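These notes concern the structure reproduced below.
The values are calculated or read from the model by the stated rules, or taken from the named source; none is laboratory data. All values reported here derive from a predicted model rather than from experimental measurement. Every residue, glycine as well, gets a Cβ built from its backbone with ideal geometry; the counts of neighbours run over all protein chains shown.
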Protein chains: 2
Amino acid sequence: MNSIAESSMVMAPTYANDLILRAARREPVERTPVWFMRQAGRYLPEYREIRSRVDFLTLCKTPDLAAEVTVQPVDIVGVDAAIIFSDILVVPEAMGMQLTIEEGSGPQFAAPVRTAADIDHLRFPDVEKSLRFVLDAIAVTKRTLAGRVPLIGFSGSPWTLAVYMTEGGSPRTFRACKELLYSRPREAHQLLEALSRTVAEYLAAQVEAGADMVQIFDTWGGSLTPEAFAEFSLRYLEEVISRLRESSQEARRVPVIVFSKGSNHALEGISRTGCDVVGVDWTIDLSDVRRRIGDKTAVQGNLDPAILYASPEAIGKEVERILESFGAGEGHIFNVGHGIMPDTPVSHAKQAVEAVREMSVLYHPQAKTLAGSPQNR
Amino acid sequence: MNSIAESSMVMAPTYANDLILRAARREPVERTPVWFMRQAGRYLPEYREIRSRVDFLTLCKTPDLAAEVTVQPVDIVGVDAAIIFSDILVVPEAMGMQLTIEEGSGPQFAAPVRTAADIDHLRFPDVEKSLRFVLDAIAVTKRTLAGRVPLIGFSGSPWTLAVYMTEGGSPRTFRACKELLYSRPREAHQLLEALSRTVAEYLAAQVEAGADMVQIFDTWGGSLTPEAFAEFSLRYLEEVISRLRESSQEARRVPVIVFSKGSNHALEGISRTGCDVVGVDWTIDLSDVRRRIGDKTAVQGNLDPAILYASPEAIGKEVERILESFGAGEGHIFNVGHGIMPDTPVSHAKQAVEAVREMSVLYHPQAKTLAGSPQNR
């Protein structure tokens, strides 16, 4: 126990801005930290410039370039955390599936997982080897960031990865994944079990490479009934987190965010998966989230990304409404409720960050009396 | 008051099967009625045969053909209600917008509504004239059905129609509609006000033409924050229903279903719009719906349409789970939680109907002692 306390004392001063780590642990902060899902992306001209030279997957697999686009929104938009630039589908690829991501048409797997034999043929990847490019990108990013803000690692949830793997790409009617789930639940569990083990190892490797916190994206959790969600998604979110926690001393204390889009019916269960932060979309009031999940877990959210199309006045008003809906107290990480859109005006994203920085001070009166470092303001 | 009671006594025997009307009014039924959103559609070979000869909009605008496909699922699948075959976008078309629906690419408006001038240029249609084809299709269908089952009329909600009209088709990023809503709320309200008036008149005309109940589809309600939903969708659902109720004696007592996809955060409010039935998607347990909206409103739902891809055993299990989640008592209309998919096996749709017919008897013990007509069983 002593060694954890010591190393955490050593770690704290290495960040100029550690607001997000403190918010995730529900510790006092001077203001609410803010980042945006998909913040490294097409809405930034600097990102598009790099993408004009390399395709999406090459960018993911070139650590120096991935690190460069990862840091861009920290410099340009002023967010309080970086998130490693990558794609959740590199995991199925590492498990042996052939992935292509073409401009416009989205991700595709040449041979979707459909039969028991397909599931058997998936391999448990040596993540240190087959996902080396992500770990290297994390290491490069950490050096580039030099402690300015924390770096978030991430993975898709087992259920969400299973959706892409069975559908062969972005789901339209969810036919393949729901057939598997309802008609052959035993096989579904076998696939999800394999994915849980792989995802946990992948996240542990990211933490070892330097990720300061991790987010699990359950993008398709909302496609399930409450009962199916509990059996086929929630259970494996729990398993990933518990395996991750067991993997190392470091992984035991890294904050974990779970974001299951459209699964607001299950917030109580999600908050009990062992995660530190529950991410929510914009179809729920944060006061309801707090009331339902209680004081043990922080909350991330929940600006409708489409509001970033609107006028500066409208954006400011919505930021204020969201801060107010969470209310005074600790444990709020400001974010969009889904990825930022590719045609978002950069100035609007900046303006939202500025609004959070300025207005949120009011909601952290306790921290004002603390000796917060000026960089955190 | 007497005249209503009398005419309802006159009306009742005109249906061989009036289960859905009784369920909507929370009156005792011998079993739970069932129908499927999009039940007249591409999954039926008989529908595809007609569509091989005429395009989608021609089908909508040819009363005899529209009536034919409307009745098909009653004959083939055995549902307890027909819903008039049409499209929600015939309303904006009647308001002066040029609509095309092309195979594969979905609906498109040549000139989306973007400016205050665009809103001003919309006309209040004479629904009896410009939507005559729908009213004629209803009249033909009523004759064809000859009282076998009730006929449902429908419209899009003001918000959902506004989404299509501003986006110019199916929404991707919701940029145009959210810009309008957040940056120019006064114009948004002007548009929604015009739509409410038009939708109410349209529904009233459908009732006059013979529709026995109506459903308002708020397909994009779930794209809004709870606050924006209350201001830009819920308020106009209320207004439509209240205008409809005022339009005629007949319209005062026709059951109204409101289905707002993805708006489960607002069920309490939806149940207080003046509707008789609240439709829900599959991301909520019906026991929660009953607990939240109380005893005044019936509930429609909520099979995940993707479950119809699964095995007969799995379908039966899910039907049972949903009946059980609503529990014993009156006021349940069984339905899918979103439109039935075009590649649904017809035999699976039939099997779900059969399962509801057989299993639901258990949940209506009270009605067993009533002198229910044998056709209703």
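Key figures for this structure:
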quantity	calculated
Meets criteria (more than 19 Å from A:Ile284 (Cβ to Cβ), part of a helix (DSSP H, G or I), at pLDDT below 95 and more than 9 Å from every other protein chain (Cβ to nearest Cβ)) for A:Gln351	no
Selection status of A:Gly210, closer than 27 Å to A:Ile83 by Cβ, within 14 Å of chain B (Cβ to nearest Cβ) and touching a helix residue (DSSP H, G or I) at 6+ places or on another chain (Cβ under 6 Å)	no
Odd one out for A:Ile257 among (1) in a loop (DSSP other than H, G, I, E, B); (2) closer than 21 Å to A:Gly339 by Cα	(1)
B:Phe217 vs. criteria within 14 Å of another protein chain (Cβ to nearest Cβ) and within 24 Å of the chain's Cα centre (by Cα)	no
Flag for A:Ala67 being touching a Ser or Thr at 6+ places or on another chain (Cβ under 6 Å), of a type in the set (A, V, I, L, M) and outside any helix (DSSP H, G or I)	no
Within the range A:120-144, tally of residues that are without any contact (Cβ under 8 Å) to a residue 40 or more places away in the chain, surrounded by fewer than 17 Cβ atoms within 10 Å (Cβ to Cβ) and either of a type outside the set (Lys, Arg) or touching a His at 6+ places or on another chain (Cβ under 7 Å) (or both)	3
Members of the range A:34-51 that are in contact with an Asp or Glu (Cβ under 7 Å, 6 or more places away or on another chain) and part of a loop (DSSP other than H, G, I, E, B)	A:Trp35, A:Tyr43
Looking only at the range B:316-342, and only at residues there that are under 21 Å from the mean Cα position of the chain (by Cα) and part of a loop (DSSP other than H, G, I, E, B), the one that is nearest to the other protein chains (Cβ to nearest Cβ)	B:Met341
Per-region count, the range A:158-176, residues closer than 24 Å to A:Val69 by Cβ, in contact with a Gly (Cβ under 8 Å, 6 or more places away or on another chain) and surrounded by 22 or more Cβ atoms within 10 Å (Cβ to Cβ)	2
Some residue of the range A:285-304 being at pLDDT 95 or above, more than 18 Å from A:Arg31 (Cβ to Cβ), of a type in the set (Asp, Glu) and in contact with a Gly (Cβ under 9 Å, 6 or more places away or on another chain)	yes
Count of the range A:270-290 residues which are part of a helix (DSSP H, G or I) and within 13 Å of another protein chain (Cβ to nearest Cβ)	4
Selection from the range B:119-128 of residues that are in contact with a helix residue (DSSP H, G or I) (Cβ under 9 Å, 6 or more places away or on another chain) and more than 15 Å from B:Leu161 (Cβ to Cβ)	B:Asp120, B:Asp126, B:Glu128
Test: B:Leu195 is more than 14 Å from chain A (Cβ to nearest Cβ) and under 9 Å from B:Pro158 (Cα atoms)	yes
The listed residue being more than 14 Å from chain B (Cβ to nearest Cβ), touching a residue at least 24 places away in the same chain (Cβ under 8 Å) and in contact with a helix residue (DSSP H, G or I) (Cβ under 9 Å, 6 or more places away or on another chain), out of A:Ala228, A:Ala200, A:Ala188, A:Ala266	A:Ala200
Residue tally, condition more than 15 Å from B:Val353 (Cα to Cα) and crowded, with 17+ Cβ neighbours inside 10 Å, over the range B:32-42	1
Elements of type helices (runs of 4 or more DSSP H) in the range A:177-250, at least 2 residues being surrounded by fewer than 18 Cβ atoms within 10 Å (Cβ to Cβ) and small (Gly, Ala, Ser)	A:235-247
Boolean, A:Ile257 is within 14 Å of the chain's Cα centre (by Cα), within 17 Å of A:Ser155 (Cα to Cα) and more than 11 Å from every other protein chain (Cβ to nearest Cβ)	yes
Output for the range B:253-268, where each listed residue is in contact with an Asp or Glu (Cβ under 8 Å, 6 or more places away or on another chain) and more than 15 Å from B:Ile293 (Cβ to Cβ)	B:Val254, B:Pro255, B:Lys261, B:Gly262
Qualifying positions in the range B:56-86 - under 29 Å from B:Asp18 (Cα atoms), touching a strand residue (DSSP E or B) at 6+ places or on another chain (Cβ under 9 Å) and surrounded by fewer than 18 Cβ atoms within 10 Å (Cβ to Cβ)	B:Gly78
Test result for A:Val356, hydrophobic (A, V, I, L, M, F, W, C), under 17 Å from A:Val74 (Cβ atoms) and more than 14 Å from chain B (Cβ to nearest Cβ)	yes
Candidates B:Arg26, B:Arg22, B:Arg31 - the one that is farther than 27 Å from B:Arg132 by Cα and not in a loop (DSSP other than H, G, I, E, B)	B:Arg22
Count - residues of the range B:75-93 that are touching a Phe, Trp or Tyr at 6+ places or on another chain (Cβ under 9 Å), β-branched (Val, Ile, Thr) and not in a loop (DSSP other than H, G, I, E, B)	3
Failed item in (1) in contact with a helix residue (DSSP H, G or I) (Cβ under 7 Å, 6 or more places away or on another chain); (2) free of Cβ contacts under 8 Å to residues at least 24 places away in the same chain; (3) more than 14 Å from chain B (Cβ to nearest Cβ); (4) not basic (Lys, Arg), with A:Glu246 passing the rest	(1)
Any hit, the range A:299-309, residues being under 27 Å from B:Phe174 (Cα atoms), within 14 Å of chain B (Cβ to nearest Cβ), assigned to a strand (DSSP E or B) and out of contact with any strand residue (DSSP E or B) (no Cβ under 6 Å at 6 or more places or on another chain)	yes
